[in-house]
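Student: I am attaching a structure below and will ask some questions about it afterwards.
Since every read-out is calculated from the coordinates, none of them should be taken as a lab result. Please read these numbers as outputs of a predicted model, since none were measured by experiment. Every residue, glycine among them, receives a Cβ derived from its backbone with ideal geometry; neighbour counts consider all protein chains shown.
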Amino acid sequence: MRRGLLSWDEAEVPAAVLDARVARCRDAMMVDGLDALLLYNNFPRPAAVSWLTHFVPYWSQGVLVLPPDGPPEYFVSLSKRVAGWIAETSHMGEIVSTPRLGADLAKRLDDTKRVGIVELGRLPGGVGRPLSEALTKTEMVDATALFRSVRHPADDAEIAITRSAAALASECLDKALGEGPWRRSGALTAAIEGPARLAGAEEVIVELAPDLAHDTALRRIDGDVELGARYAVRVSLARKGHWVRIGRTPGDGDEKVAAWLASNPTPSVGAADGGITVDSVVLEACIGTAPLSPVVGLPAGAPGVVGAVLSVDGALHLASLPVLSGDGGVVPL
Amino acid sequence: MTPVHAERRRRLMAAMGEAGCDAVLVYGNAWQCDYLRYVTNFPPVEGEAMALFLADGETRLFVEHPGDAARARIETPHAETVACDNIVETVTAELGRLGNRKIVSAPATLMPWGIVSSDAAKEVEDGTALIDGLLLVKSPVEIEAVRRAAEIADRGYQVFMEACRPGRAEYELIADIETFFREAGCPENFMILGSGGVEVRGMHPPGERRIQIGDLVTTELTPAVDGYYAQVCRTLVVGEPSQAQRDAFDVYIEAVEAGQAILKAGVTAGEIAKAENDVFRKYDLGIYCTSEYTRVRGHGLGLFVDNPPHILEDVDTVLPAGATVIVHPNTYHPAVGYMVLGEAAVVTDKGYETFSKLPRELLSVPA
């Protein structure tokens with residue numbers, strides 16, 4: 001559950017920036033002839049709503065309604081007592097607290113003819129069914145492509161926050177690894193996560209591949225396990241709704257991999273260079289409701305993360321690096 | 001396969017046999033994964049996942065992220081991990097291939113609309129109640145996990161008390177507790193808090209407000225062990241509690257005791273809520289038992305922080321032996337502000353057992 005610092009600093013994300021993002025969506029809505037755009041959010045899928053309103057849910061679920069004019073309206077399953085906190089940490093219009101999310105949304109949309117829903121197929125049945133049953137005269141269309149078409153390029157505020165998240169993640173990871181060697185997963189995880197949260201991280205997830213002699217799967221460790229002679233660690237960190245990942249494999253070759261990945265931020269599988277071979281690559285960016293999703297290529301102007309499994313002189317290394325797709329190609333963030 | 005998961009699978013297969021069910025489709029995400037975890041033991045960390053569990057125990061686990069797929073193959077080796085580009089499309093196609101079998105899905109509220117509305121799911125029935133029944137009654141090995149979670153919650157609360165010093169920001173308190181939980185090997189915790197005085201009407205995620213002398217500081221700590229959550233709710237005062245704070249808190253102590261006095265197998269959730277609320281009504285505080293001021297008077301605990309049943313007067317769910325719940329009359333008090341109190345308990349035939357050793361009193365820390 002989200003339990004780090006959730007607050008809105010208007011100096012970091014001015015209301016005008018959020019209004020401009022809403023305007024981008026509205027322009028696309030008009031082209032598609034939509035009477036409203038609906039964006040679902042919950043704890044693991046906060047990104048579309050937070051991009052438009054700065055609101056990040058710690059719990060429960062809601063749907064943002066973007067009408068053709070006026071501020072976005074938020075229908076949420078949290079209790080009325082939480083509405084004040086939502087208003088404090090976000091920039092939106094009316095907040096409707098309701099245990100009947102789908103039914104009350106349907107009432108709000110009663111006079112619409114065509115409504116776009118971002119990631120319609122993933123809308124929970126508890127919301128989708130009452131909408132479908134009530135809005136018999138309204139066409140509900142998938143607006144995933146519409147949203148993706150306006151989501152990037154990132155504005156200066158998003159890039160600045162993402163960059164600060166990357167700096168914090170890097171600082172906490174480097175400091176913790178510098179205090180090693182580590183023998184137990186719990187102590188290492190705490191050494192990274194604690195300072196990050198103290199510095200105001202919204203969320204921190206530390207994952208480990210605790211023994212590379214066994215496997216390379218990064219996972220959040222349930223329990224406290226012994227680390228192998230070689231292990232990998234990745235920290236995923238959020239600030240103000242924007243996520244980064246940084247991963248390293250401490251020990252011989254770590255600096256060589258970091259330098260190589262920084263110089264080759266979009267490596268190809270199989271590529272070999274200076275004793276480094278690329279075994280697998282995953283590119284991620286925020287393109288919808290999830291903070292980071294696998295993508296084939298980074299959208300133009302988008303921050304993202306490149307994660308790779310590499311072999312260095314025969315030894316496996318895991319590494320992740322925040323990147324930015326700019327005019328000159330993909331570069332480290 | 002862990003013993004607790006092996007036992008869950010046995011119970012699931014028995015329940016499916018009784019219901020004449022050939023397959024169960026479950027969904028889970030990083031917010032709520034109890035149905036998925038019950039069936040597969042796989043916890044989504046960031047995204048979502050689904051699983052098809054067949055009557056003979058064959059399990060297919062659907063994930064989208066390559067990293068989740070790699071993790072699933074290590075953490076859930078008994079299941080066939082299916083890495084998908086689009087989980088909704090893949091699972092819908094899989095349902096179509098299952099043909100004329102009796103399939104149920106759960107939870108209905110979270111099952112993706114793209115699946116629910118597909119032709120392939122037309123004959124799929126709602127299996128939420130089937131899984132809810134399994135989630136409600138804990139086996140001894142599950143109760144042991146809750147007990148261990150309760151122990152770590154108690155230790156976490158001690159850390160919280162040490163962290164709660166004047167001048168510290170709310171999010172800094174959480175940082176200290178999360179550091180403790182991670183060191184202890186506990187990967188997950190649900191936690192909200194409140195700090196201040198009579199103006200505080202609830203709890204929320206941590207903000208930048210700094211703790212002040214005289215504050216009431218409320219929190220519910222909910223760490224998980226092996227996926228099982230246990231919750232402890234306590235209220236403390238920074239400095240010496242005032243008489244008004246002590247008097248107000250006595251109502252909450254009396255309400256918890258009233259609820260727990262009737263807590264045993266066979267009682268309904270509504271009866272427990274009424275017992276708690278009657279205490280508030282006795283002191284002309286009944287309005288503070290309404291939804292304007294409080295969400296629930298307790299709830300179930302297990303593989304989710306907020307399992308059914310909700311302890312509310314209109315909920316007629318009968319609590320069986322083996323149910324794990326928290327009775328917490330958390331609400332606003334007009335004299336001093338929001339207060340909380342409660343701890344996880346397991347329902348038995350003769351009453352209940354709690355695991356927390358924290359004193360049930362208004363606590364205080366040095367100013």
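Student: Name the residue, out of A:Leu324, A:Leu310, that is within 15 Å of the chain's Cα centre (by Cα), part of a strand (DSSP E or B) and either surrounded by 16 or more Cβ atoms within 10 Å (Cβ to Cβ) or not small (Gly, Ala, Ser) (or both). Walk me through how you get there before you give the answer.
Tutor: Working: A:Leu310 fails: within 15 Å of the chain's Cα centre (by Cα).
Sole residue among the options that is within 15 Å of the chain's Cα centre (by Cα), part of a strand (DSSP E or B) and either surrounded by 16 or more Cβ atoms within 10 Å (Cβ to Cβ) or not small (Gly, Ala, Ser) (or both): A:Leu324.
Student: Given the criterion surrounded by 22 or more Cβ atoms within 10 Å (Cβ to Cβ), β-branched (Val, Ile, Thr), within 14 Å of chain A (Cβ to nearest Cβ) and touching a helix residue (DSSP H, G or I) at 6+ places or on another chain (Cβ under 6 Å), identify the matching residue among B:Val225, B:Val232. If you could, list the steps in order and put the result at the bottom.
Tutor: Values: B:Val232 fails: within 14 Å of chain A (Cβ to nearest Cβ).
The match here is B:Val225.
Student: Same structure, new question: Report whether or not B:Asp132 is closer than 21 Å to A:Trp59 by Cα, more than 12 Å from chain A (Cβ to nearest Cβ) and in a helix (DSSP H, G or I).
Tutor: Working: closer than 21 Å to A:Trp59 by Cα: yes; more than 12 Å from chain A (Cβ to nearest Cβ): yes; in a helix (DSSP H, G or I): yes.
Judged against the criteria, B:Asp132 is a match.
Student: Name the strands (runs of 3 or more DSSP E) wholly inside the range B:25-103 in which the number of residues that are within 8 Å of another protein chain (Cβ to nearest Cβ) and within 29 Å of A:Tyr58 (Cα to Cα) is 1 or more. It would help to see each step written out before you state the result.
Tutor: Numbers: elements: B:48-54, B:59-63, B:80-83.
In the range B:25-103, B:48-54 are the strands (runs of 3 or more DSSP E) which contain 1 or more residues that are within 8 Å of another protein chain (Cβ to nearest Cβ) and within 29 Å of A:Tyr58 (Cα to Cα).
Student: If a residue must be of a type outside the set (S, T, N, Q), more than 10 Å from every other protein chain (Cβ to nearest Cβ) and surrounded by fewer than 24 Cβ atoms within 10 Å (Cβ to Cβ), how many such residues does the range B:195-216 contain?
Tutor: Going residue by residue through the range B:195-216, those that are of a type outside the set (S, T, N, Q) are B:196-211, B:213-216.
Adding the requirement that they be more than 10 Å from every other protein chain (Cβ to nearest Cβ) leaves B:196-200, B:210-211, B:213-216.
Subset that is surrounded by fewer than 24 Cβ atoms within 10 Å (Cβ to Cβ): B:196-200, B:210-211, B:213-215.
Within the range B:195-216, residues that are of a type outside the set (S, T, N, Q), more than 10 Å from every other protein chain (Cβ to nearest Cβ) and surrounded by fewer than 24 Cβ atoms within 10 Å (Cβ to Cβ) number 10.
Student: Oh, and also: Kindly indicate whether A:Leu39 is within 30 Å of B:Ala224 (Cβ to Cβ) and within 14 Å of another protein chain (Cβ to nearest Cβ).
Tutor: Details: within 30 Å of B:Ala224 (Cβ to Cβ): yes; within 14 Å of another protein chain (Cβ to nearest Cβ): no.
It is false that A:Leu39 is within 30 Å of B:Ala224 (Cβ to Cβ) and within 14 Å of another protein chain (Cβ to nearest Cβ).
Student: Among residues belonging to the range B:252-301 that are among the small types (Gly, Ala, Ser) and assigned to a strand (DSSP E or B), point out the one that is surrounded by the fewest Cβ atoms within 10 Å (Cβ to Cβ).
Tutor: So in the range B:252-301, the residues among the small types (Gly, Ala, Ser) come out as B:255, B:258-259, B:261, B:265-266, B:269-270, B:273, B:275, B:286, B:291, B:298, B:300.
Keeping just the survivors that are assigned to a strand (DSSP E or B) gives B:298, B:300.
On the way: B:Gly298: 27, B:Gly300: 24.
The qualifying residue surrounded by the fewest Cβ atoms within 10 Å (Cβ to Cβ) is B:Gly300.
Student: Somewhere in the range A:129-136, is a residue among the β-branched types (Val, Ile, Thr) and in contact with a strand residue (DSSP E or B) (Cβ under 9 Å, 6 or more places away or on another chain)?
Tutor: If we filter the range A:129-136 for residues that are among the β-branched types (Val, Ile, Thr), which is where we start, we get A:136.
If we keep only those that are in contact with a strand residue (DSSP E or B) (Cβ under 9 Å, 6 or more places away or on another chain) as well, we get none.
No, because not a single residue in the range A:129-136 is among the β-branched types (Val, Ile, Thr) and in contact with a strand residue (DSSP E or B) (Cβ under 9 Å, 6 or more places away or on another chain).
Student: State whether the residues of the range A:144-166 include one that is more than 17 Å from the chain's Cα centre (by Cα), within 14 Å of chain B (Cβ to nearest Cβ) and over 30 Å from B:Gly114 (Cα atoms).
Tutor: The answer is no; no qualifying residue exists.
Yes/no matrix, rows are residues, columns are (1) within 25 Å of B:Ser364 (Cα to Cα); (2) at the interface with chain A (Cβ under 8 Å from one of its Cβ atoms); (3) polar (S, T, N, Q); (4) surrounded by fewer than 19 Cβ atoms within 10 Å (Cβ to Cβ):
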{"position": "B:Pro140", "(1), (2), (3), (4)": "no, no, no, yes"}
{"position": "B:Ile152", "(1), (2), (3), (4)": "yes, no, no, no"}
{"position": "B:Cys164", "(1), (2), (3), (4)": "yes, no, no, no"}
{"position": "B:Arg168", "(1), (2), (3), (4)": "yes, no, no, yes"}
{"position": "B:Thr179", "(1), (2), (3), (4)": "yes, yes, yes, no"}
{"position": "B:Glu188", "(1), (2), (3), (4)": "no, yes, no, no"}
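Student: So, one more: Collect the residues in the range A:33-48 that are within 18 Å of A:His152 (Cα to Cα) and touching a helix residue (DSSP H, G or I) at 6+ places or on another chain (Cβ under 6 Å), keeping them in residue-number order.
Tutor: Passing the criteria: A:Leu37, A:Leu39.
Student: Of all residues being among the aromatic types (Phe, Trp, Tyr) and within 14 Å of chain B (Cβ to nearest Cβ) in the range A:42-57, which is nearest to A:Glu88 (Cα to Cα)? Just the residue, please. Show your work before the answer.
Tutor: Kept after step one, since they are among the aromatic types (Phe, Trp, Tyr), are these residues of the range A:42-57: A:43, A:51, A:55.
The next check asks that each one be within 14 Å of chain B (Cβ to nearest Cβ); those that pass are A:43, A:55.
Values: A:Phe43: 18, A:Phe55: 9 Å.
Ranking the qualifying residues of the range A:42-57, first place goes to A:Phe55.
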